[in-house]
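J.: Take this structure, written in structure tokens, and hold onto it; I'll ask about it next.
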Amino acid sequence: MSKFLADQRVLTILTCGSVDDGKSTLIGRLLYEQGQIPEDELAGLTNRAEEAIDYSLLLDGLEPEREQGITIDVAYRYFKAADRHFIVADTPGHEQYVRNMITGASNSDLAILLVDARNGLTSQTFRHAHIVSIMGIRHVVLAVNKIDLVNFDERVFQNISTEFRKLAELLSFSDFEMIPVSALLGDNVSTRSSRMTWYEGPTLLQLLAGSEVPEKARTGFRMPVQLIVRSDGGGRGVAGTIASGQIAIGDKIVLLPSGRVTSIKEISSAGRAVGRAEAREAVTLTLSDHVDVARGDVAASPSDQPHVGSQFVAQIVWLGDETLRPGRSYLLKQGTRTVGVSITAIKYRVDVQTMAHEAAKELRTNEIGVCNLITAAPLVFDSYAENAAMGGLIVIDRATNMTVAAGIVLHPLTRSTTIRPPTLFVTKDARAHLKGHRPALLWLTGLSGAGKSTIANATEARLNAMGVHTILLDGDCLRGGINKDLGFTETDRIENIRRAGEVSKLMLDAGLVVLCSFISPFAADRRMVRELMRRDEFIEVFVDTPLETCIERDPKGLYRRAIDGEIKNFTGISQVYERPEHAEVTIRTGELTVDGAVDRLVAELARRGIFDLSGEPGRGHE
Amino acid sequence: MAMNSRLRDLEAEAIFIIRETVAEFRNPVMLYSIGKDSSVLLSLAVKAFAPAKLPFRLLHIDTGWKFREMIEFRDRTARDMGLDLVVYVNQDGLKRNISPVSSGSSVHTQVMKTEALRQALDEHGFDAALGGARRDEEKSRAKERIFSHRSSGHLWDPRNQRPELWRLFNARLNPGESMRVFPLSNWTELDVWEYIRAENIPIVSLYFSALRPVVERDGRLIMVDDDRLPLLAGEQPQMEWVRFRTLGCYPLTAAVRSNAKTIDEVIEETGSAAVSERQGRLIDKDDASSMEKKKREGYF
């Protein structure tokens, strides 16, 4: 084992498995036997009824954990044994705390999967083994615990081992071992058990001490740019941590996504001038040209480049309390870049028990699926298998800012590299010039019966009279044609709005002033449309009419039918309307006439320079 | 002394975290408590942005009861390094004469540290605070994320922490919320010492053994740093060879008997210590979940 002693890198170990399999007890026992529990801490572990030491109290550091006797969140413990340094991430076994378990798994090198010898592999074993596999941990130790409770019976251990071998093969663990242990009594933890002479393999500690820290990247030089360091002397350094490969002064690099090639003039690693640097080092690079580079870009080796694109396939572990809905707009963080993202399709959901693929339209909390993603701007990435630092991603909910998913990139969608935006001879500006005004989108949102269509129609009539080229889109006209295939479930309503946004965008390209009239009850969807457009083109108009007034008006008799329960998912009655908080224009219909509302909108367009009110109609642009 | 790959990895990880904080937040600040961890954090921050100046201010929450030597060290460090240091004192607590002697350790800590920190962060509009806390210090810290989210009012909800995947830190905040960031999360006490030795980082000499005037109370050695510490009947300060493993308010920080006068001796002693680092912190002992409670209320 001497060859491992020189390896001073810390091995990070994940412990996982079902509730009450004894994860915390196992780690507590290991630390205790290694003399790694200070006396004053040890004193705190024996204050329960029995005299015996309760090792689990060492790790269950939160008050609710000690009260309920369960592990809620991952605990990190640091110890030194057999000349190695270790970090143990002790994770919770309860299904509802998967997001805490995956937090521990994402940074671990090796996983200890515990099972209770009396129960064998359970559904939670399968789930955790699957997550371990997704996170790219290839080295797994199955600890068959509580072997004392089955009289140290070899057959029990062999049966569980046989079952686990099948699972390990299915999940492509490259390296796996099975050990019979008793965490409570200490058998095969750090000392060999005298009660299981049939077991000839290593103890748990021997196994850990002999494990190497795996490399998590196979790609050439990659460095996501964190920030630009500007010194007083006018110098400009590109700061970041090297994700893979190495770099030396004089080497050529390519900056992505721009594709600009430059070379390295100076390198400093953790503030020290060096000639070369490699993976994991935090460096500042001085480049030989003054090229445009910013946070979110990636510096890479020109001969071994990562993918650049906005469409790819990823495996997603959904952690959010709210269900994942395709089409909805979220934020994605990968490397050092944060961009808008939408999950366009769920290819399949994975049954964690059988690994079978199932058709799915949504992912609920803790479900795992393979999905197509599209980002609002190009990403620079590798597949997770090639480079974990370049292929891992998180998804963030725009409204709550919670991290709602972990994802790993499987591969780019080839479409993203083959379909390029067409080269245009006639530009958007050229089309607008011909019309004599600039394009804009008025997006009217509000409850059914709020007066959106009335105001949109009257505004279009006024604009038309002024010589402004317009088009009016609403739910009825789209649902009669392009959206014929959509119903009224939440997922379909999101798609309805997405298509309305895309159609509007084409109309804007054509140079028109577009009026859209959609209930569009969800803030996230309105934001998705907003982000499709240029910032100065999108004008959100909140037609604010109290619900009581809308019910009273009820022009189509829909509210009555919704209240009677005849229509389901009706906004304001059985589905929420999220009021806009940052609308550019709010029209309170109780305070304005229709003409007054039209005046407001026309004035807003003029204020933005879409056209000029003082000049000749239709010639305002000149 | 050359650094091994373990220290180099820890150093690079901390620099990455500090840079992410600066890149992602509007107005970050670094908490500076004058202790050894703060000294290491400061040294890492300088490396992260060299040759440019530190892109944030430093904040020291002064309770008025720190060791005199700490304050001298703080002012000297700020002057020599040209730091933009804010020293904040809870004026309201000062007016109410809150002290560890008359008010007790828990009221003193609540008013002069926890409340003072919240006031200082609010007053300056800091949206992220970098601190030198480590997970190996204490059980509830062992559970905390590197980017630790605080709701408005600076409250920590340990039951509902954000997932933290890989090194992809979610730094997004809603109005009124803030973040505490711990670049030294994965360092141990021994790592800190070995790094101080390898990089020759200046620290307060209270960490090294010297003859100091102490009184023994309930088995704890309290240094008589000035005449504000009332002596009990029969108490007489004795000169003893002592040093400190952690530094806080002097009446609340116990010394340990030690002959470790050099960093090599300190490292040797730390490696073979039978008790934990925070054992000398009286404020941790109020009850079993003491640190967690204080953290939930906004303590660092």
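J.: For a quick protection proxy, order the peptides B:9-20, A:218-229 by their average other-Cβ count within 10 Å, most packed first.
T.: Highest mean packing first, the order is B:9-20, A:218-229.
J.: Something else: Could you list, in their original order, any pairs among B:Lys95/B:Lys293; B:Lys139/B:Lys294; B:Lys113/B:Lys294; B:Lys66/B:Lys261 whose Cα atoms are separated by more than 18 Å?
T.: Result: B:Lys95/B:Lys293; B:Lys66/B:Lys261 exceed 18 Å.
J.: Another one. Give me the accessible area of A:Lys484, 1.4 Å probe, in Å² rounded to the nearest 10.
T.: Using a 1.4 Å probe on the heavy atoms, I get roughly 150 Å².
J.: Going from the alpha-carbon gyration tensor of the range A:76-173, what semi-axes, largest first and in whole Å, does one get by taking the root of 5 times each eigenvalue? Mind showing how you got there, number by number?
T.: Details: eigenvalues 101, 60, 38 Å².
Ellipsoid half-lengths, sorted descending, are 22, 17, 14 Å.
J.: I'm a student and want to see the number: the projected area of the Cα convex hull of the range B:72-188, averaged over all directions, in nm².
T.: With every direction weighted equally, the projected area is 9.5 nm².
J.: Given just the C-alpha atoms of the range A:127-201, how large is their convex hull per residue in cubic angstrom?
T.: Output value, Cα hull per residue: 98 Å³.
J.: Tell me, what is the Rg over Rh of the range A:291-356, with Rh the Kirkwood radius over Cα pairs?
T.: Over the Cα atoms of the range A:291-356, Rg/Rh equals 1.06.
J.: Dividing the alpha-carbon Rg of the range A:222-300 by 2.2 N^0.38 Å yields what?
T.: Relative to the 2.2 N^0.38 Å estimate, the range A:222-300 comes out at 0.95.
J.: For a bin width of 10 Å, list the pair-distance distribution of chain A built from all Cα-Cα distances, rounded to whole %.
T.: Histogramming chain A at 10 Å steps yields 3, 13, 19, 19, 18, 13, 9, 4, 1, 0 percent.
J.: Which three extents, in angstrom, do the Cα atoms of the range A:307-415 have along their principal axes, listed largest first?
T.: Result for the range A:307-415: principal-axis Cα extents of 33, 31, 24 Å.
J.: Tally Lys/Arg at +1 and Asp/Glu at -1 over every other residue whose Cβ is under 10 Å from the Cβ of A:Ile264; what's the total?
T.: Working: positive: A:Lys252, A:Lys265, A:Arg276; negative: A:Asp251, A:Glu266.
Counting the neighbours of A:Ile264, the net charge comes to +1.
J.: When only C-alpha pairs under 8 Å and at least 6 residues apart count, what is the relative contact order of the range B:123-169, in percent? Working shown, then result.
T.: Numbers: 20 pairs, mean separation 10.6, N = 47.
So the answer I get is 22 percent.
J.: Determine the relative contact order of chain A: mean sequence separation of Cα pairs under 8 Å and six or more apart, normalised by residue count, in whole percent.
T.: With pairs under 8 Å counted, the relative contact order is 9 percent.
J.: Treating cross-link reach as a plain straight distance, find the lysines whose alpha-carbon is under 16 Å from the alpha-carbon of A:Lys252, omitting any fewer than eight places away in the same chain.
T.: A:Lys265
J.: Further question: Restricting the calculation to Cα positions, tell me the Rg (one decimal) and the Dmax (whole number) of the range A:340-386 in Å.
T.: According to the Cα coordinates of the range A:340-386, Rg and Dmax are 12.6, 37 Å.
J.: Right, next: Can you tell me the order of A:404-410, A:362-368 when each peptide is scored by its average per-residue count of other Cβ atoms within 10 angstrom, highest first?
T.: A:404-410, A:362-368
J.: Averaged over all directions, how much area does the convex hull of the C-alpha atoms of chain B cover when projected, in nm²?
T.: It is 15.7 nm².
J.: Which three semi-axes in whole Å describe the equivalent ellipsoid of the range A:469-622, each the square root of 5 times a Cα gyration tensor eigenvalue, listed largest first?
T.: 29, 20, 14
J.: Related question: Taking θ = phi - 60°, what integer Hz values does the Karplus form 6.51 cos²θ - 1.76 cosθ + 1.60 yield along the range A:185-196, in sequence order, with x for Gly and Pro?
T.: The phi angles translate into 9, x, 5, 6, 7, 10, 10, 5, 7, 8, 9, 10 Hz.
J.: Let me ask something additional. Counting only other chains, what is the mean number of Cβ atoms within 10 angstrom of the Cβ of each residue in peptide B:165-178? Show your work: numbers first, answer last.
T.: Numbers: counts 18, 15, 9, 14, 3, 10, 4, 10, 1, 3, 0, 0, 1, 0.
The shielding value for this peptide is 6.
J.: Can you order the peptides A:348-358, A:522-532 by their average number of other Cβ atoms within 10 Å per residue, highest first? Please report the intermediate quantities before stating the final value.
T.: Working: A:348-358: 14.3, A:522-532: 20.5.
Highest-to-lowest ranking by the protection proxy: A:522-532, A:348-358.
J.: Tally up the carbon and sulfur contribution to the accessible surface of chain B as a whole percent, 1.4 Å probe, everything protein left in place.
T.: 49
J.: Provide the percentage of antiparallel DSSP beta bridges, counting only those with both residues in the protein assembly as shown; round to the nearest 5.
T.: 65
J.: Another question, if that's okay. May I ask for the angle, rounded to the nearest 10°, between helix A:490-509 and the longest principal axis of chain A, with both axes built from Cα atoms and the value confined to 0 to 90°?
T.: Rounded to the nearest ten degrees, it is 50.
J.: Bin width 10 Å, origin at 0, all Cα-Cα pairs of the range A:11-209: what percent of pairs per bin?
T.: 9, 38, 39, 13, 1
J.: A:Lys505: which lysines have alpha carbons under 23 Å from its alpha carbon, excluding same-chain residues fewer than 8 sequence positions away?
T.: A:Lys505 reaches A:Lys428, A:Lys435, A:Lys452, A:Lys484.
J.: Starting from the Cα coordinates of the range A:168-222, work out the convex hull volume and express it per residue in Å³.
T.: 130
J.: To continue, here is another question. Using Cα-Cα distances under 8 Å and only pairs 6 or more residues apart, what relative contact order does chain B have, in percent?
T.: Relative contact order of chain B: 21 percent.
J.: For the range B:139-255, what is one quarter of the convex hull surface built on the Cα atoms, given in nm²?
T.: Over all viewing directions, the range B:139-255 projects a mean Cα-hull area of 11.3 nm².
J.: Helix check for chain B. Which DSSP H runs span at least 27 Å along their own axis by Cα, with a mean Kyte-Doolittle hydropathy no less than -0.5?
T.: Span-like helices, by this rule, are B:5-24.
J.: What is the helix-to-structure angle for A:594-607, meaning the angle in degrees between its Cα long axis and the longest Cα principal axis of chain A, kept from 0 to 90 and rounded to the nearest 10?
T.: 70
J.: I've got another one for you. How far is helix A:452-465 tilted, in degrees, relative to the longest principal axis of the Cα atoms in chain A, given as a value from 0 to 90 rounded to the nearest 10?
T.: Here the helix axis deviates by roughly 50 degrees.
The values are calculated or read from the model by the stated rules, or taken from the named source; none is laboratory data. Values in this document were obtained by computation on a predicted structure and should not be read as measured data. Methodologically, a virtual Cβ is constructed for each residue, glycine included, from the backbone with ideal geometry; neighbour enumeration extends over all protein chains shown. All accessible areas refer to the heavy atoms of the entire protein, side chains included, with ligands and DNA or RNA removed. Shrake-Rupley method; radii C 1.70, N 1.55, O 1.52, S 1.80 Å.
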